[in-house]
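See structure below.
Read-outs: derived from the displayed coordinates by stated rules, not from any lab. Owing to the predicted nature of the structure, the values given are computational and were not obtained by experimental measurement. Heads up, the Cβs are rebuilt from the backbone with ideal geometry, glycines too, and the neighbour counts pull from every protein chain shown.
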Amino acid sequence: MPRTTPLADIRNIGIIAHVDAGKTTTTERILYYTGRKHTIVDIHDTKDLKTSTTTDYLEQEKKRGITIQSAAVSAFWRDKKINLIDTPGHVDFTIEVNRSLRVLDGAVVVFDGVAGVEPQSETNWRLANNYNVPRMCYVNKMDRSGANFMRCVDMIRKRLGARPLICQLPIGSEDNFKGMIDLVEMKALVWDSDDKDAEWQTLEVTPDLADKLGITIPTDRKILADAEKYRTELVDTCLEQDDAAMEAHLLNGAMPSTDTLRQCLRKGTITSAFTIVLCGSSYKNKGVQQVLDAVVDYLPAPTDVASIKTVDADGHPIGERKCSDDEPFAALAFKVINDVYGALTFIRVYSGVLTKGASVENTTRGKREKIGRMVEMFAKDANPIEEARAGDIVALVSLAETDTGDTLCDAAHPVVLERMRFPDPVISVSVKAKNKGEADKFGNALGKMVRADPSLHLETDRETNETILRGMGELHLEVTLDRMRTEFGVEGIMGEPQVAYRETFTKKLTEQYTHKKQTGGSGQFAEVWITFEPLARGAGFEFVDATKGGSVPREFVPAVEKGLKMQKEDGVLAHFPTVDFRATLIDGSYHDVDSNALTFEIAAKACFREAIRKAGPILLEPVMRVETVTPGDYLGDVIGDINRRRGAIEEQLDRGTNIAVVAPVPLSEMFGYIGQLRSMTSGRASYTMEFSHYDPVPRQVAEEVIEQVAKAKAAASA
Ligand SMILES: Nc1nc2c(ncn2[C@@H]2O[C@H](COP(=O)(O)OP(=O)(O)OP(=O)(O)O)[C@@H](O)[C@H]2O)c(=O)[nH]1
Ligand SMILES: [Mg+2]
């Protein structure tokens, strides 16, 4: 089958933003204006579960009015195919943004015109920086009371460290938001109704525009009065991208054509030389078609971005794979979901063509996969397809071996594509089936949820035998359990949320241990010498084999590593995992008959236990970056309360009519914060938090934690 859409006509884009900025609302309009659906559903109409937006179709999404999982849809606009992923803004579901950005070529970053740049927009912006994703900004909600376009642009510059380039100016704001000046065409686009089918009029930008349109707010009038200034800024910035046009402009004042300006905007966007800024109100149906135009005109096609890097076993880049149908097949699995169709593995094809029935190699795991059914997803609906080509995002049905982050490729041309990075979950709860008889069903369902979401971790508490689920936040864990009810028909209960503490140590030392046992006939023997040393925060665990002359036979070295890996999970202070250290096996000895992998594993475990006790172990706790947004009247109370929670105020930021207080606060101090905050501020403040880093727990607090853990374990095993 030949290719139907040329690669240059594909846009793989994501919509990213802080929670509630209007991503799903914008996506609904995009689907309406591109003719993919004939109605628009609004978020606040879905709570009774009778209807839903296209992308927020989960019961939990409808009930809560937030996006939980990213959903892929596609549509055509001006003959270009737009594959679009609507992502969640809530910090607990950040994994969804993370993996989407990993496989997308461009992004539309949406801002609430009142609140401006909010914490999750910052996090997502940084993620997009990490993955080098070109983006454009859309200042939404210009109709809301307190909307301020220029303040938002200023925050994009200051808080995101970006170089915003204003391409549209709002005409009016709040109730009187009428449309925008398109600075490329230098035309005013004006709507006289909020109706979804209302057409805009195109007017000349004349000095009396504000009077003509009844714009009275002084700041809104000033924006219009300065239209020429912003146009000049746009032209000057664009010309940096085109030497010939710049020269003509400087020599004889030649104004670049709109086509030249568009080419420059495209080039500058793709290279992230600047980020264009548009405005609108998706809810009032103003500006969405213009966002679509900009997506088509300025965001990259798969062939416009750098080729995907291929890596070696340690993740170091060793080459690249060009985006082309003529290259061998390679794709990255970025998402697994459990669906009515079975397990669906979403892949982004980077090169080559994949046909139904093919057999491909999972190079990450060294396994073969047979490609059965293949589908293109439109939110929850699957459309069967026969092949997928470079640049496509499709889903494969019922793969056996492939997980998120794995590479699938042509076995004759094996490569491993750059892996994905996942956030570390910091809150844990014990979970179990509500009905004892459903323990197996519950365990199965939980396994599937964890497979689908790499920001969930499953552990078994060695002493109490409880199943411990770790996640990004309380909402994440609650939603996970609730989805097991709706998707797998099994109910679970969870314990109180706990902080995922860590242990580490402060001194370097070398420890020797001999494991020796004589039982009846054959004996057991292994001796190890291991140096333990602390590493920087976040380094995790490293193992080095520095033995010489076969003092520990090669085949037993992996057993030493395995023993350490197992034992480090059970720290000496309060059984939390031990992190941020290197263990170097420097020497040892063995016995021809009595030594084997198991004896070395046992010796390594005991060596670790002995060493860590002597190496000044300490407890580490997750520290969150908390941002509390409050009206000024309550500022003193809010700050006082944060200080009591061991938080030190880092910044105070202007957030429209409110003030945002930013502080690192230990997670353990944040339980119950929302209740306290509401009662302190009569419900007028809100907060968001995200994991920042691990810090040592102060001595006194650490003693309490250790004691509590000991008590809880004793109670659970009694
Ligand atoms: N006034 C106004 N409200 C809007 C606009 N766009 C969205 N909203 C409202 O803002 C709320 C959140 O909109 P969503 O589209 O769900 O926001 P989201 O960014 O998808 O949120 P998450 O997916 O949960 O992060 C809804 O109540 C929308 O009706 C707008 O342009 N103006
Ligand atoms: Mg949403």
- Query: Assuming R0 = 45 Å, what is the FRET efficiency of K267 and A400, from their Cβ-Cβ distance, to the nearest 0.05?
  - Reply: 0.55
- Message: Using a 7 Å offset from the Cα along the Cα-to-Cβ direction at both D236 and K711, what is the distance between the two label points in nm, to one decimal?
- Response: 6.7
- Item | the chain, relative contact order [Cα under 8 Å, separation at least 6], % | 9
- Item | Residue pairs, from the table K63/K380; K37/K284; K187/K286; K23/K187, whose Cα atoms sit over 22 Å apart | K23/K187
- How large is the dipole of the chain about the Cα centre if only Lys and Arg carry +1 and Asp and Glu carry -1, each at its Cβ, rounded to the nearest 20 debye? 1060
- Message: Could you tell me the calculated FRET efficiency between K47 and T303, based on Cβ-Cβ distance and R0 = 30 angstrom, to the nearest 0.05?
- Response: 0.10
- Note on the structure: Note: D592 to I493 extended length (0.36 nm per residue) minus current alpha-carbon separation gives 30.5 nm
- Query: Which value at 222 nm does the chain reach when only helices count, each DSSP H run of 4 or more adding -39,500 (n - 2.57), with the total divided by all residues and rounded to the nearest 500 deg cm²/dmol?
  - Reply: -9000 deg cm²/dmol
- Residues whose modelled amide H sits under 5 Å from the amide H of A71, counting only those 5 or more places away in sequence or on another chain, are D86
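What FRET efficiency would be calculated for the residue pair L653, A439, taking the C-beta separation as r and a Förster radius of 30 Å, to the nearest 0.05?
For R0 = 30 Å, the calculated efficiency reads 0.05.
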- Task: Report, by chain and number, residues whose modeled amide H sits under 5 Å from the one on F422, excluding near sequence neighbours (fewer than 5 apart, same chain).
- Result: none
- Query: Label T514 and Q201 with points 7 Å out from Cα along Cα→Cβ: what is the distance between them in nm?
  - Reply: 9.7
- Message: I need the phi-derived Karplus couplings for the stretch 274-285: 6.51 cos²θ - 1.76 cosθ + 1.60, θ = phi - 60°, integer Hz, Gly and Pro marked x.
- Response: 8, 10, 6, 10, 10, 9, x, 9, 4, 4, 8, 6
- Note on the structure: Computed ³J(HN,Hα) along the stretch 319-325: with the Karplus parameters 6.51/-1.76/1.60, θ = phi - 60°, integer Hz and x for glycine or proline, the list is x, 8, 10, 6, 7, 7, 5
- Query: Given labels modelled 7 Å from the Cα in the Cβ direction, how far is it in nm from A358 to R163?
  - Reply: 4.0
- Query: Using modelled backbone amide H atoms (1.01 Å from N, in-plane), which distant-in-sequence or interchain residues come within less than 5 Å of T310's amide H?
  - Reply: I318, G319, E320, R321
